[in-house]
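The block underneath contains the structure these notes are about, expressed in structure tokens.
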Amino acid sequence: MWTALLGVVLMGAPEPLTINPNFWSRDDRAGDCRWDATQNRDGRPSLRVTHTGTQDWAVNLGPPIPVTETLALHLQGDLRLSGTGDAALSFVVYQGETARQWAAGSVALRAATAWQTSTAKTLVGAGVTRVQPRLVGNGTVDLWLGPVTLTRRAVPTLGAAALAPITLKNDALIVVLDPKTLAAQVTDRRTGQRWQQRPAANGLVPSTIRRETRAVTVQAVDQDGESRVTVRVELDVTRPELKWRIEGKGPMGEDRSIPGAWVTTPASQHVVPMNMGIGFRADDPVMKGQWLVGYGGHGLSMAFYGQVDGAGGVLNIIDDPDDFLLRIDRENGRLEARPTWQAQRGQYGYPRRLRALFLPKADVTALALAYRQDAKARGNVVTLAQKAKKNPNVMRVARAVNLWNWTGDKLTLAKAVYDAGFRNVLWSGGGSPELLSAVKRMGFIPSRYDIYQDVMDPARLKDLPWIHPDWATSMWPDHLVTNAAGDLTKGWVVQDKQGKDVPCAVACDTEVLDLARERISGELKTHPFEARFIDTTTASEYRECYDLRHPMTRSDSKRARMKLLQLVTDLGLVTGSETGHEASVPHLVFYEGMMSLGPYRVPDAGTNPPRIVDELPEDVLTFQLGPKYRLPLWQLVYGDCTVSSWYWGDFSNKHLGTWDQRDRWNMLYGTPPLYFTDPENFAAHRARFIQSYRDTMRVVPLAAGQPMTAFRVLTADRTVQQTQWANGLLVTVNFGAKPFKDAGGTIAGGGIRVTPPKANR
Ligand SMILES: [Zn+2]
């Protein structure tokens, strides 16, 4: 009834928009716009926009539109676009003189030979004073824009009585929900602590509100002004837990941020599972905003984010992380974490769920262990001990240092390492059957590199100075990931003989399993491998594929990749992958890169892994190696399930001056070092390698397979940190220069105290 009313009575007719173009670009003088009568559209000259810069640009299209009631606005026009950048019609949304949204309704279009229709849809209401129609874009483009139409439609709103705040209660929490903004105010009855949520993203207008004892269901007109979204907010019967379920139908153009972020105080501490983990104050002046996806190792390694305010904290658990983005942005000078839902192949697809668990005493350990309980309930805590029942080599890898090598004679290196006293070694550098047999006799675990994503166009192989032996060339051209526009998705980029970039295509995850089975089982007939490293599988984003022969959602991509890792495990190998993501915990054993926080790795760590460097940028020293930001979140949740090391281009011996510091981190977290070396480098630094091996081996074998039970920061400047494991192992590291005294004695500046488990004392 209500929907019909909207469609029949209130729908406006498209009106032509008067265009008074006004060009702006972030790169100074990188482009312009002008009328072009040679490219007519609907019998009228089009607007040509040329931009040669790499950043964003915009064209204000006409006079601003005043807003005095709740309005659904649709802007529509045709674009013909070439170049590597993108473009979209959109609106700037103003509240007074403040722009609240810079590109509302924008859905980016990319190059195509034909004209494409760009549509921006937005809903504007309370507080909005005007909107500015614009054409916006990023990067290099040459485009024509035809005539543009604007459609306005008034949207009826509920009366003030229906929109009054609603209170939900259980023994632990009192929740007051504002149905207009879906913002909750939560009071923890156990402590009196109060939490306030920001309004959900602009442009939801409630049409019905249904109340139950501990739940509210709000049906609303979505921010595109035409589709419907249903948001259910439910307080658990007994637990201090508030749950959201967001359900929409049909296309989902823009990302949706429901609910809003928890408001921060200057002292609020964010706890974020970026790789191993990181924490920072909301008012930290150095930390940049971060956008972290839920669907890949370079986003959130685990599906949560936490906030600690004074004694209490909130643990936000993302039940549906496969199309999720956590946006940490600065709002009024403070960093706030906003949950954001992305489309599943352009659609809402499935209900999206999020929970907030309120902890009266919430340090880092409490937050992480609460999440571990959740992961356990899902069956995701599969321990190394359980994995070792099927393959005893699992525990050998858990006690071993990871040794990479590309150049020089491999047998010379293996002998030198053995002669130096190394016994627990994951030999990652591969080699001939004879070499592998030799390292196996030394007690090392023979392993190698492999990959099932990058595919090079066979026609381009002749132009390349070097051909990667593991490229999945047989996947060309029928088994590749295709994006929504019908183009091949780009993967790793290499340079041809002229130095020009040539991107790889990407094998569709659903298509590589047979190739992997044949390649690995075939090789095992001649090569005595006991382990295998599968690059990129748990690092790159889970992908969507639009090839009709093998379509894939990100959830499908994730499932296919887990099958790949399980296949390697089922072939009797100890399986590893890059960076790390919790979906893979049941299927593999080791991660290379979990210790290396993605944004703070040594520069060119991926393009030239073995390079030794003399200097490190400030960011690496501060965030990667300094004591101020790192947190052992992964170790607290999954430390007894997996083995985490540095990224192969960000390794223990990368920089002589900070090797000690990396060893300290390995000892504090109970994780093995990763070395990249060759016979010459090993001989030159033999004593230092021996020291690193001996130091870390004081902890690694004792921590292997043990759950980490506590992480403590013992000094206000965070220079002294302590970790504890279930067997009683206690490691205290002094990252500072001054001695540190406690009941256990004195730890010199830079010193480490290892208190072994009682059974080993
Ligand atoms: Zn596919």
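Could you run the Karplus curve 6.51 cos²θ - 1.76 cosθ + 1.60 with θ = phi - 60° over the range 59-68 and give me ³J(HN,Hα) per residue in whole Hz, x for Gly and Pro?
Along the range 59-68, the couplings run 10, 5, 9, x, x, x, 9, x, 10, 10 Hz.
Based on the mean of other beta carbon atoms within 10 Å per residue, what is the order of 481-491, 666-676, most packed first?
In descending order of packing, they fall as 666-676, 481-491.
At 20 °C and 1.002 mPa s, what whole-number value in µm²/s does Stokes-Einstein give for the translational diffusion of the chain, with Rh from the Kirkwood sum over Cα pairs?
It diffuses with D of about 76 µm²/s by this estimate.
How much solvent-accessible surface does M442 expose, in Å² to the nearest 10, with a 1.4 Å probe and all protein chains in place?
40
Can you work out ³J(HN,Hα) from phi for every residue in the range 688-702, in order, using Karplus 6.51 cos²θ - 1.76 cosθ + 1.60 and θ = phi - 60°, giving whole Hz and x for Gly and Pro?
Calculated HN-Hα couplings, in order: 5, 4, 4, 4, 4, 4, 5, 4, 5, 6, 5, 10, 3, x, 6 Hz.
Kirkwood hydrodynamic radius, the range 41-110, all distinct C-alpha pairs: what's the number in Å?
Computed over the range 41-110, the radius equals 14.4 Å.
Against the longest principal axis of the chain, how steep is helix 410-419, in degrees 0 to 90 to the nearest 10, with axes from Cα atoms?
Its long axis makes an angle of about 60 degrees.
Relative to the longest principal axis of the C-alpha atoms of the chain, give the angle of the C-alpha long axis of helix 513-524, reported between 0 and 90° and rounded to the nearest 10°.
The answer is roughly 10 degrees.
Taking the Cα centre of the chain as origin, sum charge times position over the Cβ atoms of Lys and Arg (+1) and Asp and Glu (-1), and report the length of that vector in debye to the nearest 20.
2160
State, as an integer percentage, the relative contact order of the chain based on alpha-carbon contacts under 8 Å between residues 6 or more apart.
That works out to 9 percent.
Mind ordering 317-324, 150-157 by average Cβ neighbours within 10 Å, highest first?
Ranked by mean Cβ neighbours within 10 Å, highest first: 317-324, 150-157.
I want the local charge near P627. Using Cβ-Cβ distances under 11 Å, sum +1 for each Lys or Arg and -1 for each Asp or Glu among the other residues.
+3
Could you order peptides 264-273, 215-224 by the average number of other Cβ atoms within 10 Å of their residues, highest first?
215-224, 264-273
What are the residues whose amide H is under 5 Å from the amide H of V148, where those residues sit 5 or more places off or on another chain and H is modelled from the backbone?
Residues meeting the criterion, in which the H sits 1.01 Å from N, are L17.
Write down the accessible area per residue of the chain in Å², having rolled a 1.4 Å probe over the full set of protein chains.
Computed with neighbouring chains in place, this is 40 Å² per residue.
Go through T113, T536 and list them by solvent-accessible area, largest first, probe radius 1.4 Å.
Sorted descending by solvent-accessible area, the residues read T113, T536.
Starting from the Cα of K628, draw a straight line to each of the lysines and keep only those under 28 Å, dropping any in the same chain fewer than 8 residues away.
K288, K361, K654, K738, K741
How large is the helix-only mean residue ellipticity at 222 nm for the chain, computed as the sum of -39500 (n - 2.57) over DSSP H runs with n ≥ 4, divided by its residue count, in deg cm²/dmol to the nearest 500?
So the helix-based figure for the chain works out to -4500 deg cm²/dmol.
Does the range 466-566 come out rounded, prolate or oblate by the C-alpha gyration tensor, with a ≥ b ≥ c the root eigenvalues, rounded set by a/c under 1.5 and, if not, prolate when a/b is larger than b/c and oblate if not?
oblate
Angle between the Cα long axis of helix 659-669 and the longest principal axis of the chain, 0 to 90 degrees, nearest 10?
The helix 659-669 is inclined about 80 degrees to the chain.
Go through L730, V502, A484 and say which Cα lies farthest out towards the positive end of the charge dipole of the chain; charges sit on Cβ, +1 for Lys and Arg, -1 for Asp and Glu.
The residue sitting most towards the positive pole is L730.
Within the range 353-427, which trypsin sites (Lys or Arg not before Pro) sit in a loop by DSSP and count at most 14 neighbouring Cβ atoms inside 10 Å?
K361, R378, R423
Pull up all non-local amide H partners of G299: gap of 5 or more, or a different chain, and H-to-H distance under 5 Å with H placed in the peptide plane.
It is V293, by chain and number.
Pick out, in residue order, every one of the trypsin sites (Lys or Arg not before Pro) in the range 223-317 that is DSSP loop and has at most 13 other C-beta atoms within 10 Å; say none if there are none.
K249, K288
Take the Cα gyration tensor of the range 565-722, multiply each eigenvalue by 5, square-root it, and list the three semi-axes largest first, rounded to whole angstrom.
Semi-axes, largest first: 23, 21, 16 Å.
Could you work out what % of the accessible surface of the chain is carbon and sulfur, using a 1.4 angstrom probe and leaving DNA, RNA and ligands out of the count?
Summing carbon and sulfur atoms, their accessible area is 52 percent of the total for the chain.
Once phi is turned into ³J(HN,Hα) by the Karplus curve 6.51 cos²θ - 1.76 cosθ + 1.60 with θ = phi - 60°, what whole-Hz value does each residue of the range 356-363 show in order, with x for glycine and proline?
10, 10, 9, 10, x, 10, 10, 8
So which chymotrypsin sites (Phe, Trp or Tyr not before Pro) in the range 401-506 end up in coil per DSSP with only 16 or fewer other C-beta atoms within 10 Å?
Of the chymotrypsin sites (Phe, Trp or Tyr not before Pro), the ones in loops of the range 401-506 whose Cβ has at most 16 other Cβ atoms within 10 Å are W406, W466.
The values are calculated or read from the model by the stated rules, or taken from the named source; none is laboratory data. This structure is a prediction, so every number in the text was calculated from the model and none was measured. Heads up, the Cβs are rebuilt from the backbone with ideal geometry, glycines too, and the neighbour counts pull from every protein chain shown. Side chains are part of the model used for accessible areas, which takes the heavy atoms of the whole protein and leaves out ligands, DNA and RNA. Shrake-Rupley method; radii C 1.70, N 1.55, O 1.52, S 1.80 Å.
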